[in-house]
Every structure is written in structure tokens, then in C-alpha cells.
Amino acid sequence: MAAVNTVEILVQTAVSGLLWGFIFALISVGLTVIFGVMDIVNFAHGDFLMVSMYGAFVLYSFWGLDPLLSLPLVVAFMFGVGVLTYRLLISRVLDAPMLAQIFATFGLLVFLRGAAHLIFHADYQSIKNPILSGSFELFGVTMSVPQVVAAVGAMVITGLVYWFIMKTETGWALQAVAEDKEAASLMGIDSEWMYSLAWGLGSACVAIAGVLLSNFYYIFPEVGVMFGLIAYVAVALGGFGSVTGALVAGVIIGVAEVLGGFLIGPEYKYVIVFLIYLAVVVLRPKGLMGKA
Amino acid sequence: MLRRILVLSLLFLLGISLAACGGTDQAGGDEGAGTPETIKVGAIYPVTGALAATGTDLTNGVKLAVEIVNGEFPDLNLPLAAEAGLPNLGGAKVEIVWGDHQGSAEKGMSEAERLITQEKVVALLGCYNSAVTATASQVAERNGVPFLNPESTSPTLTQRGFKWFFRTTPHDDTFAKNFFQFLEDLKATKGIEVESLAIVYENTLWGSDVGKFEKKYAEEFGYKVVEDLAYPAKGTDVTSEVQRLKAANPQVVMQASYVSDAILYMRTYKEFGFLPEAILAMDAGFVAAEYLKTLGEDGYYILSREVWALDLAESKPIIAEVNDMFRERFGYNMDGNSARAFTGTLVLLDAINRAGSTDPEAIRQALLETDIPADQLIMPWEGVKFDPETQQNTKGKGIIVQVQDGKYLTVWPWELASADLIWPMPGWDER
Amino acid sequence: MLHEVEVLRRFAPPRLGRFVVPALLLLLILFPFVVNAAFYVHLMILVFLFAYLGQAWNILGGYTGQVSLGHAVFLGLGAYTSTLLFEWYGVSPWIGMIAGGLVAMAFGLIIGLPTFRLQGHYFAIATIAVGESVLALFNSWDLVGGASGIYRTIVPESWWAMQFHSSKDPYYFIALGLVVTIFTVTRLIERSRLGYYFRAIKEDPDAAKSLGIDTTRYKLYSMMISAFFTGLAGTLYVQYLLFIDPEMVFLLMLSIQICLVPVLGGVGTLWGPAVGAAILIPISEFTRGYLGGSAAGLDLVVYGALIMLVAAYKPAGIMGLLRKAS
């Protein structure tokens, strides 16, 4: 066994934290897009992640499709799920108090998790030998291929979403609806369509995260629980509605969790994340990049 | 509006009362008959929720045991196998009424309450999670209903002085001690010296208990603990944990994890090339059916304390017979959990049969008089006999298995071993 | 004073009748004597417990509009306080109950001070963060039993030790007593100046401030009252289960269950938590009993669908339905 070098391990830990951070960010971006447009938090976000992972798994086990190939299919499917969720459920609680919205999506969470139990049972599933697998070494630091791809994916997706919202006409329309629904509709923007689009987009983002995750993570009905909670905290830490905020916060959480867990003790790794959140919002009540 | 509330609450109370009366009527009918046609036994397991995979293994074990009792299997040398039903109760059939506690102590209590008072079960089985067993068995204790626990290993459970609580499985104190006896044996017979240990455990009830006992015995036997690692069981990743282990560089890792963490750890060990000489696992996640299915070769060569292994069939053919039946019905091999649930169920039903009635006190007496010899068990135990004080099975014993070639093979105690110990673990690339 | 009158007029609660409550109470007192089935008494205890917890949450979340998703912390602190007082010093759980309430209240004050600037989801997540941190802390705090929890010493049954083994009825009446207390307190608050201030803060914090209400102070009052009463219930919870570990009392899922009750019944209404608990608890128990065994997960599917239906079609809760009809 090679001699153990503390600095080496510290660097390795920081890099792994960074990679996990990008994955958290990728999951969080979808959540913040939805919030940014309509001020609603999807509590079932983690379970959307779970559904996309099962999507990749089903395509793999029935048709042998590698997650890389099934990615567009699952993303399209989840876009549809998002739109459907908006049409059937969310549009009804659009003007309801925040609590009713929380519980509409909480009901969806319980429903999806129960359905996963019913259909796939509690078994742990995984995709064997996907194209993206294994790990490589760079300057003595080990990195797993699927994690690196997911990290790069996170950056690309965040960039794309940012570009879409800031630079395209549809993006401007989304912003207009987010700003003032009535005024936007006077300008001829169909807010219903925009809201559907936001839900589709947000769900598509989490689908990308889910499929990339399924390359190296096992799949079971409760897989979304902790990821969902982390995404919720990340989005708030970054500032609700801020795409770049979610990216930054996701990375901060990843590094804090892994590095903090290493230095202070793993039993406190989520405490560290939560304390960072509390410290930040006490100083900046709208998160790091939220609009005041 | 208020009138409506009143009407609603009246309806609610009426509904509850009606349901309650319905429940009691039904039960009254059962008790009236001299020899009931079915004996209802309650079984409470985590059928949904985070532990559902294990819950399914457990319930399948119970199901098979009941099928063997209810049917006629003259060739099986197991209690109650030859005759259909319970002969001393006029051949009454056994019916299991299921409860689902979803891993929650409060729900476990509710389910025990429901099974005892609504379903009128004569005894209870369950609950796997020690915390749930703790609360559910209190309901049984209050109601004076026998509670047989086949698989919770928190030592405290049988130290509560309960009158109605029985446990067949050995507990964590015994298992932790086994690990160190194993290490001592290694030194004595194979010349393998282990000095440094890392103790890794999930930080809820079960894992912490295990960690506590391992630390206690490490001190007693004179081993150095270089890393004492409690970790949150619901985490998304274990990177920081594995990095700490790498930094501490122990010879042997003693680990207590549930199945999702066990899988996560093995993947992360491989990713970062962390390879101790051996991983000594406290069963649970490392012996769940999902573990090898998900990990394949990456899960090989770990050592786990076990209560059961398929290869014990070489010295006990009955194990193969039962496992074949299990496989036929559920499509996979038994494991330590299903075997213990299976055994616990048989022990309980055997006692009910010997009691010859559904009277709780009679069943309790019969349980106390239980003395099942080793050859009628599918376990590597010396038998089943309860301590009259604690009502813990005194004849339970643990074994240590190693995953070799996709199978859990017994490697210790040496006299029960069906395979040679592979030590140290081969590298991640040499598999 | 004109402002005061304005506040009183705008946030006056709906009027309630007088004869209904005593009649209902009488029925509930008679219930264990009429229905002699332990499971239904148990079910009613759970209904009371959650109606109570829901109402305590409602004071902060419903009337004052501060959505907390970490209320289990107060329950847990109350439960641990009275358990430790009993196990270490032999103090009666009745005193432990009050002490538990006070500890929870003090903790509420500590977390309320820095977090009440936060709005909406930021506050909700802060309460989750506090809850999860306390859970992790208790899991590794060996002095209070750590993750292994504490098995309560079982003593012969008595009112002094709040342990009853032969019958559940005493627990039933303690739970009923707690429910009566919290509903009385809530009704008093609803009618008092405090209640108007709470509602004013919920409706429009800025307007409330401009009317001269010290919003932070009243939010803190609301938090302290809510935390105190939630803490009280901790003692009943642990006396009933006779075992405590951090996973039982500090779990996020429990916090969510607590606020699901008033949300379903109707937030910010006096009867909402009662209606919510009376519907939610039996549904959860019966779906698990009747559907859970046959097909794992089906009970959750039904349960989730019901929550979605109520949220989507009756966002004001069942009370909204009743109010509209009358």
C-alpha cells in the first residue's frame, strides 16, 4: 500500500467534494428555474430525480440502452411529466397560500414514492457496466469518469439555462411572466404556456441529473430523499430563482459536506451544511444571490 | 358552520364506534369456538420505506415457515412439518396478519395495537429494527401477549425484564465478541497478526450499539482503534468517511451498515483504492440479497459475521431442502434475515402447538419450556432454549462468512468452515 | 387608538356558537366507556396528540404565518427533558412536562431571534436546518443516551409516574386534557389583542408595522407559545411509548406530519387542526392496515393522492369547504 500523504488526501477530498457539489448543483438548477418563474417550490423534486433514474433503468433493462443513449428519451419524458404536473396539479394552487403549494407537491412526493414501491418494489437496482464508468488519475487525484461527466454536464446545463433565460425571446417572456403576470399577458404572452414551459424545463434539468447519476449510483424508491433536501437547501442558499446562485451553492454544499465531514467528523457533515445555510441567511436573508 | 362541525364529529365518532364494535364482534365469535380453525399470528415488518428490501426478505421467511406448518411435509425434519396445521389444536391452520411499521417506532406501536386488539392475534413476531421492536413489544407486554423477536440484535431488548418478550437470535454483544475471538484465532492458528482497527458504524440505534461493543472488546483484547467513525445513514455519499479511513490506514475495518450504505461504501472504497486487509462486517447491509446483486465482484471477499449461511447445508442437509423451497417460491436464495425470521416463526408456532391452546399464559409457558435440538434447525446454533430470566435464546451462535465467487461461504469457526479464508483481500483490479 | 379599532375590525375571528363545544366534549369523555376496544382508544389518543400538535403549530404557522418545518424539535426537547428528569432525579413527569415546555420555549426564543427576518421558504428551511442539526447532535451525545436512546424504567402504574399498563384510558384523558387546554388557549388568543396582532402580521407584515405593531416581538411571542405547548406534548408522547431515541422525536417527517394536520383541516382556524387530525390519522392508520399488507406502497399512493386532491381542490382545507357551504 502506498504511503499515506495527508496533503494528498486533503486535495483528493476537496476535489471529490467539488465533483459532488456540481452534481448537487445540477439537481438544484431545475428546482430554482421553477421557483424563479412562479414562486413555487417543488417538494417532489428529489422524487422527480428518482423517477428519471428509474426511467434510465427501465430503458436499460428492457432494451439494453446505455444511460448515455437513453438520456434524450428520459429528458423528453420528464419534460412531459413536468408539464403534466403543472397542468393537473400546480395550476390549481397557483394563487393559493404557500402552505397549500407545499402540500400539493408533498402529496406528489408521497404518491411517487408509493408508486415506485408498488411498481419496482423495494429492490436496489443498478445499471451494470455503462459506457461511463471507472475512474482515472490526474496529478495523483482519483476522479470517477461519470462524476466528472456529471460535473461538466452541470456547468454546461447551468450555462445553457442561463443563456436561455437571459438571451432568448422565450426566456425574456419567462422573465416577464415571473415579473408581472398581468402585464405580461397584456403584452400577449400566454402565462399558462410559460408556466408549463418552466415546469417542463425544470423537470428536464433534474432528468439530466438523474440519468447521469444512474451511471454510478444505485436506484431505489427512497433515493431522492436526501438529494431533494440538499437541493432545497442549495436553492435557498443560492437565493430562490437564481440559476448561478444554485450552481455556486451546490458547489459550496458539496465541498462543505465532504471536506467538513473529513475534518470534523462524518456524523456532523450535514450539520455543517445546515449551519452554513443558517449563517448565510441570517446575514443575507435572501441567500447569496437572491433578489432583495 | 358549527352545526356542520358537530354533525361531522358525530359521524366520525359514530364511524369509529361502529368499526370498533365490528372488530369486537368478530373476535368474540372466534373465541367462542372450542378449537378455532385458524390461529392468527401477527407479524410486523418494514414492508415499505427505506428498509423495505430487507422487510421483503423477512416476510418471505415467515411465509415459508407458515406454509410448512400448514401443509404436510413428512420428509422435512422441522417442528410441525409432518402434519398439516397445528395437531394439538385440532389441525388448526395458521394465518399471519401483517403489519407494516415503515421503520417508525410509533407506527410499530400502532400496528402492534391494531393486531392485538383488532385482529386478536395470539402472538406477535417482529420487528427487525431494534427501536421498533422496543415499542411494539411494550404493547404486547401491556396486553399480555407473547412477542417473539427473531432478528433484532440490540442487547438491551432482553435486559428490560419483560415477561412476554422472547428472542431467538444472538445479540450484538455476542457478535462483537465473536469478531475478536476470530482475530485471536487468526493469530493463534494462522499466524496473522492484526494490530490496528477502524470501527465504522451508522449513527442510529443499531450501529451505535455495535460500535460501542466493538470498542469495548477492542480494549479488552488489546487492539488499537485508529479511527472511530460514526456516520449518518441517510447520506448521499461517503467520500469524507472513506478519505478519513485512508488517512488512518487501518489493517482491518469493522463495519456496521445498512444495505444502501454498504453498497455506497464498497463503491467508494474501490473508487479511491482503499483496501484494508479485511473488512469485518456486522451482517445487515453486507449480507442482504441486494448487496451482491448490485455490486457483483466489487462486493467480494468481505467477511461478515452471520447467523446463517447456505453452505452450512454441507453439514446440515435440511438447510438445502428449505432453501430449495424458498428459491422455488421467491426466486432467490435465503439469507440470514429470512432464515432467522423463518426459524423464529417455527419456534413460536411450535410453542403455540405445545401449549395446545391460544391462552397467552399457556403459550408463554410453552415458550419457556422450548428446547429444540440443533438438528431441527436451519441455523448453526446448538438449539433453542430460552434463559428463564432474560428470555434470550442461550444456544445461539454466530459464524463468520466470506464472499467468495458470489457465494457466502462459512470460514469460521474453523470446524464449520466450508472454504479457506482468503486473507488479505485481493486488490480491486485483481478480481 | 383609531388604529387599534381598525385592527380589531379587520382581523376579528368568525363568531362561534356556544352549545356545540360542551356537547362534543361530553361525547369525547364518554367515548372510552362506550367503546371498549383498545385499538380505537389508541387511535383516538393519536388523533388527540396530532390535533394538539397541529394546533400548537397553528398558533405560529397558521395565525402568525411563520411556516415551521422543524416543530418536532420542540416535541423532542420536551420529551427528553421530562425523561431525563425522571430517570436521573426521579422527578414526576407532570413537573417534567412543564419543564419540557419551558426548555422548548427557551429554544424557540433562541432560534426565533435570528431567523424571524427570514421570509417564506427561507424561514421554513431554517427550521429544517435546526431540526436536522439537533437530530445529529442528539445522535452523538452519549450523556443523553446517544443514538441508542433511553428505555424508560417501567414502574408500577400510577398518576404520579404517568405510567399506566392495564388500560389506555388514563392516557386518553391526559391527551384529551391537553387538547382542551390548547383549544381554550388558542380561542383566548384568537379573541385577544395578541390574536389580532398575529393575524395582522400574517396578512401584511408591512402594514402591521405601519400600524405600530412590533412585528418581531409578536412573532417571538407566537413562537414561544407554540414551542411551549409543543414541548408539553413531548412528555405524553414518551410516557405513552416508554422509549425514546433521537430518530423517533426529531425526524423531519414528524415535523411535516405535524403541520400537515392543520393544513388539511384549515390553517389559521380554530377547528382546522381538530378536523385535520380526525381525518388524517384514521386514513393513515387504515390505509396502512388494509392496503399496506396486500401491496406494499399502495397505501402511500392513496395517501399521497388524497393530499394532492385536498391541496388542489380545497387549498383552504376542509374548513374552507365548511365555511363556504354555510
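Worth pointing out:
- None of C:Leu260, C:Leu236 is buried (at least 20 other Cβ atoms within 10 Å of the Cβ) and more than 11 Å from the chain's Cα centre (by Cα) except C:Leu236.
- Of the residues in segment C:202-210, none is in contact with a helix residue (DSSP H, G or I) (Cβ under 7 Å, 6 or more places away or on another chain), part of a helix (DSSP H, G or I), within 30 Å of B:Ala105 (Cβ to Cβ) and not small (Gly, Ala, Ser).
- Counted residues, segment C:134-163 - those being within 14 Å of chain A (Cβ to nearest Cβ), crowded, with 16+ Cβ neighbours inside 10 Å and not in a helix (DSSP H, G or I): 1
- Failed item, numbered, when A:Ala96 is tested on (1) more than 22 Å from the chain's Cα centre (by Cα); (2) in contact (Cβ under 8 Å) with a residue 24 or more places away in the chain: (2)
- Every residue from segment C:287-326 that is at pLDDT below 70, over 15 Å from C:Val275 (Cβ atoms) and part of a helix (DSSP H, G or I): C:Gly289, C:Tyr290, C:Leu291, C:Gly292
- Scanning segment B:141-187 for residues that are assigned to a loop (DSSP other than H, G, I, E, B), more than 26 Å from B:Glu219 (Cα to Cα) and touching a Phe, Trp or Tyr at 6+ places or on another chain (Cβ under 7 Å) yields B:Gly144, B:Val145, B:Pro146, B:Glu151, B:Arg160, B:Trp164.
- Within segment A:23-37, considering residues that are away from chain C (no Cβ under 13 Å) and more than 10 Å from the chain's Cα centre (by Cα), the one farthest from A:Ile208 (Cα to Cα): A:Val37
- Residue list for segment A:124-140, restricted to those being surrounded by 16 or more Cβ atoms within 10 Å (Cβ to Cβ) and either of a type in the set (Lys, Arg) or in contact (Cβ under 8 Å) with a residue 24 or more places away in the chain (or both): A:Tyr124, A:Gln125, A:Ser126, A:Ile127, A:Pro130, A:Leu132
- Looking across segment C:38-62 at every residue that is of a type in the set (Phe, Trp, Tyr) and within 19 Å of C:Val180 (Cβ to Cβ), the one that is surrounded by the fewest Cβ atoms within 10 Å (Cβ to Cβ) is identified as C:Phe50.
- If you check B:Glu184, B:Glu195, B:Glu141 for being over 23 Å from B:Gly55 (Cβ atoms), within 11 Å of chain C (Cβ to nearest Cβ) and among the acidic types (Asp, Glu), only one passes: B:Glu141.
- When segment C:35-74 is limited to residues that are closer than 20 Å to C:Met105 by Cα and over 12 Å from the mean Cα position of the chain (by Cα), the one that is nearest to the other protein chains (Cβ to nearest Cβ) turns out to be C:Val67.
- Considering residues of segment A:184-219 that are small (Gly, Ala, Ser) and outside any helix (DSSP H, G or I) only, the residue farthest from the chain's Cα centre (by Cα): A:Gly188
- When the helices (runs of 4 or more DSSP H) confined to segment B:226-316 are screened for residues that are over 22 Å from A:Asn5 (Cα atoms) and within 11 Å of chain A (Cβ to nearest Cβ), those reaching at least 3 such residues are found at B:259-271, B:289-295.
- Single residue of segment B:166-208 satisfying the filter (of a type in the set (Phe, Trp, Tyr) and at pLDDT below 90) that is nearest to B:Val225 (Cα to Cα): B:Phe175
- From the options B:Ile363, B:Ile400, B:Ile422, residue that is under 20 Å from the mean Cα position of the chain (by Cα), modelled with pLDDT of 90 or more and either at negative phi or not assigned by TED's automatic domain parsing to the domain that holds B:Asp283 (or both): B:Ile400
- Complete set of residues in segment C:116-133 that are at the interface with chain A (Cβ under 7 Å from one of its Cβ atoms) and part of a helix (DSSP H, G or I): C:Gly120, C:His121, C:Tyr122, C:Ile125, C:Ala126, C:Ala129, C:Glu132, C:Ser133
- Annotation note: of A:Glu222, A:Glu257, the sole residue that is closer than 30 Å to A:Asn129 by Cβ and outside any helix (DSSP H, G or I) is A:Glu222.
- Residue within segment A:270-288 that is of a type outside the set (Asp, Glu), touching a Leu at 6+ places or on another chain (Cβ under 8 Å), within 14 Å of chain B (Cβ to nearest Cβ) and under 27 Å from A:Ser135 (Cβ atoms) present: no
Quick grid of which residues meet (1) surrounded by fewer than 24 Cβ atoms within 10 Å (Cβ to Cβ); (2) under 19 Å from B:Thr394 (Cβ atoms):
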| residue | (1), (2) |
| --- | --- |
| B:Ala134 | no, no |
| B:Glu141 | yes, no |
| B:Val145 | yes, no |
| B:Pro155 | yes, yes |
| B:Phe182 | yes, no |
| B:Val194 | yes, no |
| B:Phe221 | yes, no |
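- Boolean, B:Ala82 is in contact with a Phe, Trp or Tyr (Cβ under 9 Å, 6 or more places away or on another chain), closer than 27 Å to B:Glu214 by Cα and either surrounded by fewer than 23 Cβ atoms within 10 Å (Cβ to Cβ) or within 14 Å of chain C (Cβ to nearest Cβ) (or both): no
- Number of residues in segment B:277-288 that are buried (at least 22 other Cβ atoms within 10 Å of the Cβ) and more than 14 Å from the chain's Cα centre (by Cα): the value is 4.
The values are calculated or read from the model by the stated rules, or taken from the named source; none is laboratory data. Model, not experiment: these values are computed from the prediction. We place every Cβ from the backbone using ideal geometry, glycine too, and count neighbours over all the protein chains shown.
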